[in-house]
Amino acid sequence: MALTGIQIYKLLPQTNCKECGFPTCLAFAMKLAAKQVELADCPYVSEESKTQLAESAAPPIRLVALKSNGYETKAGNEVVLFRHEKTFYHMPGIFLRILDTEAEEDIQARVSAADKYQVNYVGIDLSIDGFAVASVSGDAGKFSAAVSAVRQASQKPLVLMSRDPEIMKAGLEGMDGEHPLIYGADTNNWEAMTELAKERKSALGVIETTLEGLADLTKKSTDKGVEDLVIDPGGRDFSSALTHNTQIRRLSLKKNFRPLGYPIISFPGDAGDAGLESMLAAQAISKYAGFIVIDHFSPASVYPLLVLRQNIYTDPQKPIQVQPGLYEINDPKPEDPLLVTTNFSITYFSVANEVEGSGLPAWLLVTDAEGMSVLTAWAAGKFDAERIAKAVKEFNVADKTSSKQVVLPGHVAVLSGELEEELPGWDIKVGPREAVDLPSFMKQVL
Ligand code: SF4
């Protein structure tokens with residue numbers, strides 16, 4: 001049973017020293033009971049209390065890692081139902097499924113293409129996380145050959161899929177030092193699969209279509225000494241996947257129900273159709289999957305999933321930022337125009353990409369607006385004439401440019417008067433409201 005806030009409080013030092021960031025030990029205890037802080041935030045808990053608090057301090061959803069040669073994909077350790085309550089921590093790993101009935105050359109070609117795929121989104125490199133190798137042939141030799149073929153084309157973590165312990169053993173051969181997901185254990189094979197997972201120190205996928213059955217199987221596996229579990233509640237359509245995943249997340253977080261406190265694995269590819277797969281995968285990203293296995297790979301279908309995942313797993317309280325400074329676009333000369341924007345990543349890349357794509361040279365002054373977009377920063381008092389003038393001086397703009405002309409974003413035209421006062425002798429121009437209109441503005445007005 002999880003401890004209440006009062007029970008936790010009794011085990012804390014009760015000195016109200018505030019080092020944990022809370023005014024009292026009781027406030028900290030309440031947060032700990034709600035899983036919103038970590039016990040390690042209080043440096044003064046005695047060893048005896050730590051043991052007693054272990055259950056309350058343990059994450060409600062276990063952190064599970066799949067590891068291979070230099071790669072690691074983690075899922076779990078989430079503490080909230082909704083991102084705005086705090087943040088989501090470990091984005092779900094996206095794995096491409098390979099069947100052992102495919103020809104080895106085809107496997108290598110598919111895996112190699114997916115492995116190499118990398119795309120830059122607002123300064124962050126996005127890619128898929130690994131491959132799931134499924135035994136469809138029922139032949140241990142073919143499964144083992146398929147795993148080897150995947151390994152020749154990629155070193156990323158693997159999910160091995162077979163319900164037959166002998167076939168699984170064959171797949172695991174030659175994977176020394178790696179910790180793939182062994183998927184999986186059901187009511188018939190769980191003992192043998194649990195032994196394999198224990199031997200290999202690998203995570204075990206547990207499969208059951210009812211939550212009661214799933215909880216029973218995870219309990220049996222942990223009793224046998226396998227703690228790193230990934231659960232498959234079986235929902236494959238929109239409604240049942242959403243229902244199961246939400247129930248599991250709620251039970252884990254709100255009821256501290258340990259037998260279901262594990263990352264969930266989802267198989268949107270089981271829908272068969274590539275379009276449906278994308279939509280189910282998007283739902284799985286939004287609603288609580290820890291690992292997602294897809295069957296179709298193309299940049300057009302994977303890119304939106306990677307971007308969605310990145311956005312949902314970005315801390316809403318910490319916007320993605322770029323470094324403030326003076327950026328050069330298309331090799332500008334001193335006389336080329338100077339544009340101004342904020343250091344919110346999406347704003348920066350919107351402006352920079354439009355100008356870069358136009359081929360027109362320009363200087364882009366990125367001011368420190370604490371990672372906010374133009375209008376938000378202006379409304380919050382983080383993007384004003386004083387800050388822009390300060391950035392002009394801080395980044396020695398006058399030494400590098402000679403036009404003495406600044407282009408303000410159209411949304412903050414209201415700043416032009418104040419900026420004239422802050423930068424006497426400079427010509428303040430009001431640019432377009434949208435980045436997409438910058439190239440034509442630069443051609444026609446500057
Ligand atoms: S750091 Fe520990 S002792 Fe200090 S106020 Fe927080 S909970 Fe209490």
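Just a few scattered comments:
- The lone exception for residue 33 - which of (1) out of contact with any helix residue (DSSP H, G or I) (no Cβ under 6 Å at 6 or more places or on another chain); (2) touching a residue at least 12 places away in the same chain (Cβ under 8 Å); (3) among the small types (Gly, Ala, Ser) it fails: (1)
- Which listed residue, of 84, 90, is open to solvent by 70 Å² or more (accessible area, probe 1.4 Å) and either of a type outside the set (Ser, Thr, Tyr) or in a helix (DSSP H, G or I) (or both): 84
- Residues being under 30 Å from residue 92 (Cα atoms) and not in a helix (DSSP H, G or I) are entirely absent from segment 326-340.
Every residue, every condition in (1) under 27 Å from residue 250 (Cα atoms); (2) of a type in the set (S, T, N, Q); (3) modelled with pLDDT under 85, yes or no:
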| site | (1), (2), (3) |
| --- | --- |
| 1 | yes, no, yes |
| 7 | yes, yes, no |
| 17 | no, no, no |
| 22 | yes, no, no |
| 26 | yes, no, no |
| 31 | yes, no, no |
| 34 | yes, no, yes |
| 41 | yes, no, no |
| 45 | no, no, no |
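- Options 116, 156, 198; residue that is surrounded by 20 or more Cβ atoms within 10 Å (Cβ to Cβ) and of a type in the set (D, E, K, R): 156
- Residue in segment 98-108 that is buried (at least 22 other Cβ atoms within 10 Å of the Cβ), in contact with a Lys or Arg (Cβ under 8 Å, 6 or more places away or on another chain) and more than 30 Å from residue 316 (Cβ to Cβ) present: yes
- Condition met for residue 74 (away from the ligand (no atom under 12 Å from the Cβ), free of Cβ contacts under 8 Å to residues at least 60 places away in the same chain and crowded, with 16+ Cβ neighbours inside 10 Å): yes
- Condition check for residue 351: among the β-branched types (Val, Ile, Thr), in a helix (DSSP H, G or I) and touching a residue at least 24 places away in the same chain (Cβ under 8 Å): yes
- Pairs with Cβ under 8 Å, 6+ apart, first in segment 8-30 and free of Cβ contacts under 8 Å to residues at least 40 places away in the same chain and within 6 Å of the ligand (Cβ to nearest atom), second among the acidic types (Asp, Glu) and assigned to a helix (DSSP H, G or I): 20/41; 28/41
- If only residues of segment 119-130 that are assigned to a loop (DSSP other than H, G, I, E, B) and modelled with pLDDT of 95 or more are counted, the one that is surrounded by the most Cβ atoms within 10 Å (Cβ to Cβ) is 128.
- Matching residues, segment 279-291, being part of a helix (DSSP H, G or I) and crowded, with 21+ Cβ neighbours inside 10 Å: 280, 281, 284, 285
- Residue match in segment 160-167 (condition: among the polar types (S, T, N, Q), surrounded by 18 or more Cβ atoms within 10 Å (Cβ to Cβ) and within 27 Å of the chain's Cα centre (by Cα)): no
- Only strands (runs of 3 or more DSSP E) whose full extent lies in segment 361-446 are considered here, and the ones with at least 1 residues that are farther than 20 Å from residue 322 by Cβ and β-branched (Val, Ile, Thr) are 427-430.
- Verdict on residue 269 being at pLDDT below 95, buried (at least 17 other Cβ atoms within 10 Å of the Cβ) and not basic (Lys, Arg): yes
- The set of residues in segment 135-152 being open to solvent by less than 50 Å² (accessible area, probe 1.4 Å) and aliphatic (A, V, I, L, M) consists of 140, 145, 146, 147, 149, 150.
- Selection count, segment 296-330, where residues are open to solvent by 40 Å² or more (accessible area, probe 1.4 Å), at pLDDT 95 or above and of a type in the set (D, E, K, R): 1
- Within segment 136-183, the set of residues being in a helix (DSSP H, G or I) and among the small types (Gly, Ala, Ser) comprises 140, 141, 144, 145, 146, 148, 149, 153, 170, 171.
- Scanning segment 215-246 for residues that are assigned to a helix (DSSP H, G or I) and on the phi > 0 side of the Ramachandran plot yields a total of 0.
- Checking each residue in segment 35-56 for being within 23 Å of the chain's Cα centre (by Cα) and away from the ligand (no atom under 12 Å from the Cβ) picks out 35, 36.
- Residue 275 meets the conditions (1) open to solvent by 20 Å² or more (accessible area, probe 1.4 Å); (2) within 17 Å of residue 64 (Cβ to Cβ); (3) part of a helix (DSSP H, G or I) in every case but one. The failed one is (2).
The values are calculated or read from the model by the stated rules, or taken from the named source; none is laboratory data. As the structure is a computational prediction, the values presented were derived from the model and not from experiment. FYI the Cβ positions are ideal-geometry reconstructions off the backbone, even for glycines, and counts take in every protein chain you see. In case anyone asks, the SASA skips ligands and DNA or RNA and just uses the protein heavy atoms, side chains included. Shrake-Rupley method; radii C 1.70, N 1.55, O 1.52, S 1.80 Å.
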